[in-house]
1. Across the chain, how many lysine pairs separated by 8 or more positions, or lying on different chains, have Cα atoms within less than 19 Å?
2. How do 126-134, 106-114 rank on mean C-beta neighbours within 10 Å, highest first?
3. Compute, for region 30-70, the length of the dipole vector about the Cα centre, with Cβ point charges of +1 (Lys, Arg) and -1 (Asp, Glu) only. Units Debye, rounded to 20.
4. Just going by the charge dipole of the chain, with Lys and Arg at +1 and Asp and Glu at -1 on Cβ, which of Phe50, Tyr14, Asn35 is farthest out on the positive end?
5. In nm, give the distance between the simple-model label positions of Asn83 and Glu4, each being 7 Å from the Cα along the Cα-to-Cβ direction.
6. Under 8 Å for C-alpha pairs, at least 6 residues apart: give me the relative contact order for the chain, rounded to a whole percent.
7. With a 1.4 Å probe and all protein chains kept in place, how much accessible area does Tyr52 have, in Å² rounded to the nearest 10?
8. Expressed as a whole percentage, what fraction of the accessible surface of region 47-138 belongs to carbon and sulfur atoms when a 1.4 Å probe is rolled over the protein heavy atoms?
Amino acid sequence: MSYEEFKKQIAGHYKTDPQLLEESMDKIAYHESKNKNVYQDEGGPGAGLFQYERWHKDPETGEYGQAGGMTARNRLAGFFGDNVPSWLIQEGMDNPEVGFDASQLTPEQQKMLFLADKRMTPGVQMTTENLQDLPEFW
């Protein structure tokens, strides 16, 4: 499935315009990373346009657990079913101390990751009405 097909599918689900989704993602990516495919300041866990966490370390216990990047990756993989593309498989991604690195994906692949993540997050509605007030949505 191409990025454009996927974006249209998500837009159809929310009965919104694919262009509004695109513009909203561009603004969110600018807020998160200045639209740069970078790691979080000082090498933190955030990576890519949307700063998906590669790993999560519990501050109280020091234990590593699944982070947002791997959650988003699994949500997107679910849309592909048995045909998960190779770009969603990274060495070490199942190790919580390594995780899934969104910065290794193209911008369109990162947008697919974002769309799948938001689509499968309970309570998130990427409707035209909600996206009109993007600061409140985000």
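The values are calculated or read from the model by the stated rules, or taken from the named source; none is laboratory data. As the structure is a prediction and not an experimental result, all values here were calculated from the model. Virtual Cβ from ideal backbone geometry, glycine too; neighbours counted across all protein chains shown. Quick note on the areas: whole protein, heavy atoms, side chains included, nothing else; ligands and nucleic acids left out. Shrake-Rupley method; radii C 1.70, N 1.55, O 1.52, S 1.80 Å.
1. Here the count comes out as 14.
2. So the peptides 126-134, 106-114, ranked by packing, come out 106-114, 126-134.
3. 280 debye
4. With unit charges placed on the Cβ atoms, the residue in question is Tyr14.
5. Output for this residue pair reads 1.8 nm.
6. 26 percent
7. 20 Å²
8. 45 percent
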